[in-house]
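Quick notes on the structure that follows.
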Amino acid sequence: MGFLAYALTIYADLPIVEDARFYEEIGYEVAQDWLSGKEVDFDALPEGVQTARLLVTAIAAFYFVMGGVRALPVLLVAYSAVTALVPVYVYWFTRELDAPEAVAGRAGWLVALSPGFVFWSGSLYKEGLTLLLLSVSAYHTLRLQSGWKGRSVGILALCVVALWGVRFYLAILLALAVALSLLWGRIPRAGLSKGVPVFVRQAAVMSAFAVVIVSVGLTVRTEHVLLESDEGVLVNLDVRRAGSAREARSGYLQEASVATPEEALQYFPLGLLYFLTVPFPWQLGALRQNLIIPENAFWLGLYPLMVVGIRRALKSNRPGTVFLLLMTAGMCVVYALLAANVGTVYRMRSQVWLLWAPFAAWGWEVWRERRRPARQGRLARGGSRAVGVGSR
């Protein structure tokens with residue numbers, strides 16, 4: 001998929017992976033500076049790099065190891081191999097919800113076979129790394145709700161720091177959701193917790209996570225982001241939303257404003273509706289928008305199953321389910337106020353769909369369970385009629 005997207009962009013002049021090409025070019029230039037012994041000031045790089053430092057650094061590191069050879073096909077294969085772990089982690093954290101193996105398998109395949117996830121995995125967009133970090137974080141958070149695991153604490157902290165290099169607001173949301181969720185633990189499936197009460201155990205786990213987060217400077221960075229402008233967070237959010245709505249051909253609600261708490265509250269329900277639904281099948285537009293309509297319609301059809309799956313997951317693993325809902329609720333709030341064109345919505349919504357995939361798979365399983373008795377009843381009635389006809 002990555003090869004095809006690049007071929008169409010380069011040789012057919014279709015704007016499919018323009019941002020990815022930009023990241024790759026900057027990464028190659030950084031690698032060339034490193035090979036020549038120059039120091040690179042990332043703050044002096046073009047503005048678009050500041051929100052994708054991790055991706056650009058990873059590309060630069062790859063080309064540095066390759067000795068400056070611009071082997072783009074090899075880079076695409078390497079990137080795809082790493083981001084292909086996403087459906088594997090979806091399977092694993094679905095199992096941590098105590099879901100049946102069949103449900104976890106369906107959740108993993110739902111992500112593996114969805115065109116959007118394949119595209120982000122196969123092209124050099126930062127969404128590939130974002131989805132990987134979110135899925136790894138979900139898995140290790142759910143593990144920590146069952147007890148102390150030092151390796152999971154370290155990996156979780158690394159994921160939060162790495163998310164800062166692709167989408168800093170996700171790092172803030174994840175840190176808050178993890179800290180709150182770790183306080184609500186559960187008894188391991190193997191049996192009763194011995195010795196230490198669950199709340200005391202989880203308080204220790206949360207404290208360890210908090211110490212690591214503070215030590216890596218995330219709290220200082222968060223404070224700097226929230227206080228960097230005298231105008232306030234909502235005003236900055238409104239400027240970004242308005243620019244996104246007016247600059248893109250697929251922009252919507254250009255005249256809306258979220259600059260004050262009252263305006264944000266008034267706009268939020270409509271913004272959330274747009275974020276979770278557009279584009280509808282009849283909203284034909286540019287080529288890229290038309291390409292995502294079939295997949296979007298498929299996921300819209302999964303929403304009722306997600307509701308059913310959430311109800312079943314709450315019965316099986318309430319703390320873990322609440323963590324996923326807490327994380328996605330925060331994402332929906334931010335993206336409902338920030339996203340203002342179909343392209344941006346498609347990228348950001350994939351992060352929410354990733355964490356909702358287990359619920360969709362579980363809802364499908366529940367629906368099948370409910371249909372099974374009815375099907376068996378019809379078969380039994382059919383068999384009894386056949387016996388009756390044969391006896392007569």
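The values are calculated or read from the model by the stated rules, or taken from the named source; none is laboratory data. What you are looking at is a predicted structure, and each value in this text was computed from that prediction instead of being measured. A quick note on method: Cβ atoms are made from the backbone with ideal geometry, for glycine too, and the neighbour counts reach across all protein chains shown. Protein only, heavy atoms only, side chains kept; ligands, DNA and RNA dropped before computing areas. Shrake-Rupley method; radii C 1.70, N 1.55, O 1.52, S 1.80 Å.
How many residues, within segment 287-307, are under 17 Å from residue 94 (Cα atoms), surrounded by 19 or more Cβ atoms within 10 Å (Cβ to Cβ) and without any contact (Cβ under 8 Å) to a residue 60 or more places away in the chain?
Residues that pass the stated criteria total 1.
Looking at segment 77-136, which of its residues are open to solvent by less than 20 Å² (accessible area, probe 1.4 Å), closer than 14 Å to residue 159 by Cβ and either without any contact (Cβ under 8 Å) to a residue 40 or more places away in the chain or over 13 Å from the mean Cα position of the chain (by Cα) (or both)?
The one that is open to solvent by less than 20 Å² (accessible area, probe 1.4 Å), closer than 14 Å to residue 159 by Cβ and either without any contact (Cβ under 8 Å) to a residue 40 or more places away in the chain or over 13 Å from the mean Cα position of the chain (by Cα) (or both): 93.
Looking at residue 27 and the list (1) at pLDDT 95 or above; (2) surrounded by fewer than 16 Cβ atoms within 10 Å (Cβ to Cβ); (3) of a type outside the set (A, V, I, L, M, F, W, C), which single condition is not satisfied?
With respect to (1) at pLDDT 95 or above; (2) surrounded by fewer than 16 Cβ atoms within 10 Å (Cβ to Cβ); (3) of a type outside the set (A, V, I, L, M, F, W, C), residue 27 is out only on (2).
Inspect segment 125-140 for any residue being assigned to a loop (DSSP other than H, G, I, E, B) and out of contact with any strand residue (DSSP E or B) (no Cβ under 7 Å at 6 or more places or on another chain) and give the result as yes or no. If you could, list the steps in order and put the result at the bottom.
Within segment 125-140, the first condition is being assigned to a loop (DSSP other than H, G, I, E, B), and the residues that meet it are 125.
Imposing the further condition that a residue be out of contact with any strand residue (DSSP E or B) (no Cβ under 7 Å at 6 or more places or on another chain) reduces the set to 125.
Taking every residue of segment 125-140 in turn, at least one turns out to be assigned to a loop (DSSP other than H, G, I, E, B) and out of contact with any strand residue (DSSP E or B) (no Cβ under 7 Å at 6 or more places or on another chain).
Scan 231, 262, 247 and give me the residue that is exposed (fewer than 15 other Cβ atoms within 10 Å of the Cβ), modelled with pLDDT of 90 or more and more than 24 Å from the chain's Cα centre (by Cα).
Values: 231 fails: modelled with pLDDT of 90 or more; 247 fails: modelled with pLDDT of 90 or more.
Every option except 262 fails the conditions.
Give 187, 155 a once-over and let me know the one that is open to solvent by 10 Å² or more (accessible area, probe 1.4 Å), among the hydrophobic types (A, V, I, L, M, F, W, C) and modelled with pLDDT of 95 or more.
Matching residue, one of 187, 155: 155.
Answer yes or no as to whether residue 97 is touching a helix residue (DSSP H, G or I) at 6+ places or on another chain (Cβ under 6 Å) and closer than 16 Å to residue 326 by Cβ.
So residue 97 passes the test.
Would you mind stating whether residue 340 is without any contact (Cβ under 8 Å) to a residue 24 or more places away in the chain, over 15 Å from the mean Cα position of the chain (by Cα) and closer than 22 Å to residue 16 by Cα?
In short, no.
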